[in-house]
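Asks: Shown below is the structure under consideration.
The values are calculated or read from the model by the stated rules, or taken from the named source; none is laboratory data. Quick caveat: nothing in here was measured; it's all calculated off a predicted structure. FYI the Cβ positions are ideal-geometry reconstructions off the backbone, even for glycines, and counts take in every protein chain you see. Quick note on the areas: whole protein, heavy atoms, side chains included, nothing else; ligands and nucleic acids left out. Shrake-Rupley method; radii C 1.70, N 1.55, O 1.52, S 1.80 Å.
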Amino acid sequence: MTREFQKNEEIRFFNLAKNVMKANWEIKCAQECPDFEIISGDQCFGLEVVEFYKGKISNKKGSSLRKKEIKNQKDLNELREKYIKKYPELTNWTMDYGLNKIDEAEISCAIEKIDFNNPITIVYRQEISNEDRLKANSKINLPDGFHLPDEFIGLDNMIVLKYYPPGSIVRGNLWLFNEDVSPLTEIDGESENVICERIQEIIDNKAERKKKYKIMNDIRLLIVSSFQKSSSNALPKEGFLPDIKTFTKVYFLHTPNVVIEYPTGKTYLL
């Protein structure tokens, strides 16, 4: 991940949090340590942005799940750049890649089938038997009066391409590998506590590094959990109140529409 891409992601997270909270925030400058200086009315504060990942942050090798996601996303981003050079009109198209491994031949086939006058194109895996197709379709519950097309083979066997007008896309990576995008983690009992422990670890770790920050009276931390990443997609248990250490406030953003503000625990919903 390049520093430019990372900074653009941080700005995107800032804007998402700002919109959810309807906060009167403007970026005075983008920097490092902390990531931003923010103006809010007659106030100025520093904002550090960090992404939440499952697994101990003290593990320098990182989690295997996160490494796999990075590799898959890198491969998709490179393929996107390659095909945009050939088809510039792909710039505002997202791809949800639902096959079990990234295959350029399948992607090339899907792109060639795009109808650029239609805002959505669904392309199915090239090699699948009629028996497997019927088996996949039989597992899908449909409302009354809705019928699947004969060629439909289930959400895990398709590539979905959608057009969005410029400026309307809220996600960072426009091409996503579905296997790396999980539903929100169901957390209860011990696993619920693990999520909270990770949040506290992140706060503790960032608080330790504050000595390197530009001297400011008000420094806040934005922790981002992304619905797009299996390694990140989670929410803390209800009523959890972490020790925010020396930060003035800590915000937990679950993209794209939930922010929990600490130390109060106030929840904002978009």
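Asks: Within the range 59-80, does at least one residue satisfy the condition of being surrounded by 13 or more Cβ atoms within 10 Å (Cβ to Cβ), part of a loop (DSSP other than H, G, I, E, B) and either of a type in the set (D, E) or at pLDDT 90 or above (or both)?
Replies: Taking every residue of the range 59-80 in turn, none turns out to be surrounded by 13 or more Cβ atoms within 10 Å (Cβ to Cβ), part of a loop (DSSP other than H, G, I, E, B) and either of a type in the set (D, E) or at pLDDT 90 or above (or both).
Asks: Output the residue which, of all residues in the range 213-259 that are of a type in the set (F, W, Y) and assigned to a strand (DSSP E or B), is nearest to Q31 (Cα to Cα).
Replies: The qualifying residue nearest to Q31 (Cα to Cα) is Y251.
Asks: Still on this structure: Considering the range 1-36 alone, what residues qualify as being in contact (Cβ under 8 Å) with a residue 40 or more places away in the chain, within 20 Å of F247 (Cβ to Cβ) and not aromatic (F, W, Y)?
Replies: Hits for the range 1-36 are L16, A17, V20, M21, Q31, C33, P34.
Asks: Hey, among I11, I39, which residue is open to solvent by 30 Å² or more (accessible area, probe 1.4 Å), aliphatic (A, V, I, L, M), modelled with pLDDT of 90 or more and farther than 27 Å from I195 by Cβ?
Replies: The conditions single out I39.
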